[in-house]
Amino acid sequence: MESRGIQDMFDFRRFPKDGLLLLLVLLYAPVGVCLMLLRIFIGVHVFLVSCALPESFIRRFLVRIMCSVLGMHVRQKDPLSRDKNTKLYICNHVTEFDHNLLNLLTPCSTPQTGGSTGFVCWARGFMEMHSAPGQTALADTLQRYCSTDGTPALLLFPEEDTTNGRAGLLKFSSWPFSLTDPIQPVALRVTRPLLALSTPDSSWLMELLWTFFVPCTVYHVSWLPPVSRQEGESVQEFASRIQELLARELGVAATQVTKSDKAEHIKRYRHRPPQTSTGVGPGSIARGFMAQNLGTEEPRIIRMAQQVKDVLPHVPLNVIARDLVKTNCVDTTITNLLELSEDSALEASVAGASSFGSSLNSSPFSYEPTAKLVAKSFGKSPTDRHMSLQERKDALYNYARSRYIEKYGLDKEDEH
């Protein structure tokens, strides 16, 4: 699979990256919305006219003018190059409405190979196929269609999916080139100001609304000379040769990227992890996690939270940071967290955020053996029991403070 430049063949952003162009889009937006509403009203009448009038040059002429009002202009280069005896046109695929605009220049039919059927298929201008499922059955049906006299020519898109038309062509599927001979290639360029032509996440209806929103979308059609399959040339070689001809005419690359490769690329793009800079250490990851949960990136709070984390490693950073926002003091936050650990109020947060699966009350720190953490006996009165709890709090606080002072080399008189 050819992956070089695949990201340049599709647009994932509807709006431009350039700040000036984005400002122009914002200024144009009120006009675009009004234009879109007006064109929706006109579009209904265009659809009714195209349904009422029989297939003829007059119908195509009127619909072409009305489509210009809708913002879809079609221009063709050297119309005399079109071969009226050709039964199959092969064209590159750029938008969801390529077949509609080409049908304004010459009668042609495009089969619906997937997606909606019934009224929606007919309303979009596709020819609904009633053959058995499968590519072989479809090819047989279309081959019989091409051999029938009096039927319009077929218009097929062997890429089987759209590109932005600026970087390259998808690999041509070989089955359309076995239907008939000769084949006339059709090169299609589509231009639009301000916005991208299409995005992978948009439906055809959404693309139609964006087409009504922008000032205009211009379709440039070039008819290449008919091409016949050479003796001894395989169907795939024939398809590759026509792909090269179209790529040369359009000034793009003839890639080996398939429709499946496009789907895989879109899937990877949607599920790619957020980009991070190289050389990111654990500290920066922790700070980023805390800033994300706080909704703030104040360096002073992050630095103070890291200091408390060094003293109380089992306390989640988001809990530390929330308390620091209130207290704005490292010592006060350490005291508050120690009191919370004694009252078991921190147990749920630690159980959900720590992989140790235990609360601070059960195994908070590796205390020194000399620290008085447990009462020697159970107090007989409430006063005695309260004093025992207070002694344990004092022991925890003194240990945490001494560890903080030793880590940062502070003197006892400079603790505050």
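Considering only the stretch 93-126, state which residues are under 29 Å from the mean Cα position of the chain (by Cα), aliphatic (A, V, I, L, M) and in a loop (DSSP other than H, G, I, E, B).
Within the stretch 93-126, just V94 meets the criteria.
Any idea which of (1) open to solvent by 70 Å² or more (accessible area, probe 1.4 Å); (2) modelled with pLDDT of 75 or more is the one I242 doesn't satisfy?
Answer for I242: the failing condition is (1).
For the stretch 217-228, indicate whether the set of residues that are open to solvent by less than 10 Å² (accessible area, probe 1.4 Å) and farther than 27 Å from I6 by Cβ is non-empty.
no
Give V69, V94, V46 a once-over and let me know the one that is out of contact with any Ser or Thr (no Cβ under 7 Å at 6 or more places or on another chain), among the aliphatic types (A, V, I, L, M) and within 23 Å of Q112 (Cα to Cα). Give the derivation first.
Numbers: V69 fails: within 23 Å of Q112 (Cα to Cα); V94 fails: out of contact with any Ser or Thr (no Cβ under 7 Å at 6 or more places or on another chain).
Answer to the check: V46.
Restricting to the stretch 17-36, and then to whatever is more than 16 Å from L208 (Cα to Cα) and touching a residue at least 60 places away in the same chain (Cβ under 8 Å), can you tell me which residue is least open to solvent (accessible area, probe 1.4 Å)?
Looking at residues that are more than 16 Å from L208 (Cα to Cα) and touching a residue at least 60 places away in the same chain (Cβ under 8 Å), I get V25.
Could you run through the stretch 220-247 and say how many residues are aromatic (F, W, Y) and closer than 19 Å to L170 by Cβ? Full working, then the answer.
Of the residues in the stretch 220-247, the ones aromatic (F, W, Y) are 223, 238.
Still in the list and also closer than 19 Å to L170 by Cβ: 238.
Total satisfying the criteria: 1.
Restricted to the stretch 107-121, and to residues that are touching a Leu at 6+ places or on another chain (Cβ under 9 Å) and more than 22 Å from T258 (Cα to Cα), which residue is surrounded by the fewest Cβ atoms within 10 Å (Cβ to Cβ)?
The initial filter retains those residues of the stretch 107-121 that are touching a Leu at 6+ places or on another chain (Cβ under 9 Å), namely 108-111, 113.
The next check asks that each one be more than 22 Å from T258 (Cα to Cα); those that pass are 108-109.
Working: C108: 20, S109: 17.
Applying the filter and picking the extreme gives S109.
Restricting attention to helices (runs of 4 or more DSSP H) lying wholly within the stretch 162-281, give those where 2 or more residues are farther than 30 Å from M66 by Cα and touching a residue at least 24 places away in the same chain (Cβ under 8 Å). Break it down into steps so the answer makes sense when it comes.
Numbers: elements: 204-213, 235-250, 259-270.
Hits in the stretch 162-281: 235-250, 259-270.
Among the residues of the stretch 42-57, which ones are touching a residue at least 12 places away in the same chain (Cβ under 8 Å) and exposed (fewer than 10 other Cβ atoms within 10 Å of the Cβ)? Break it down stepwise before answering.
Keep residues of the stretch 42-57 that are touching a residue at least 12 places away in the same chain (Cβ under 8 Å), which gives 42-43, 45-47, 49-50, 55.
Within the stretch 42-57, no residue meets the criteria.
Return yes when S234 is crowded, with 17+ Cβ neighbours inside 10 Å and modelled with pLDDT of 90 or more and no when it is not. Explain how you work it out, then say what you get.
Numbers: crowded, with 17+ Cβ neighbours inside 10 Å: no; modelled with pLDDT of 90 or more: yes.
The answer is no for S234.
Search the stretch 128-163 for residues being hydroxyl-bearing (S, T, Y) and open to solvent by 60 Å² or more (accessible area, probe 1.4 Å), and hand back the single one that is modelled with the lowest pLDDT. Spell out the reasoning first.
Step one: of the stretch 128-163, the residues hydroxyl-bearing (S, T, Y) are 131, 136, 141, 145, 147-148, 151, 162-163.
Of the ones still in play, those that are also open to solvent by 60 Å² or more (accessible area, probe 1.4 Å) are 136, 147-148.
On the way: T136: 79, S147: 87, T148: 87.
Applying the filter and picking the extreme gives T136.
Here is a list: R60, R14, R75, R39. Which entry is open to solvent by less than 50 Å² (accessible area, probe 1.4 Å), in contact (Cβ under 8 Å) with a residue 40 or more places away in the chain and within 30 Å of G150 (Cβ to Cβ)? Don't jump to the end; show me each part of the working.
Values: R14 fails: within 30 Å of G150 (Cβ to Cβ); R75 fails: open to solvent by less than 50 Å² (accessible area, probe 1.4 Å); R39 fails: within 30 Å of G150 (Cβ to Cβ).
None of the others qualify; the one that does is R60.
Among the residues of the stretch 78-92, write down those that are assigned to a loop (DSSP other than H, G, I, E, B) and open to solvent by 30 Å² or more (accessible area, probe 1.4 Å).
First pass over the stretch 78-92, keeping only residues assigned to a loop (DSSP other than H, G, I, E, B): 78, 82-87, 92.
Result: D78, R82, D83, K84, N85, K87.
The values are calculated or read from the model by the stated rules, or taken from the named source; none is laboratory data. Worth saying up front: this structure is predicted, and the values here are computed from it rather than measured. Positions of Cβ are backbone-derived with ideal geometry, glycine not excepted, and every protein chain shown enters the neighbour counts. Just the protein is used for accessible areas: all its heavy atoms, side chains included, with ligands, DNA and RNA removed. Shrake-Rupley method; radii C 1.70, N 1.55, O 1.52, S 1.80 Å.
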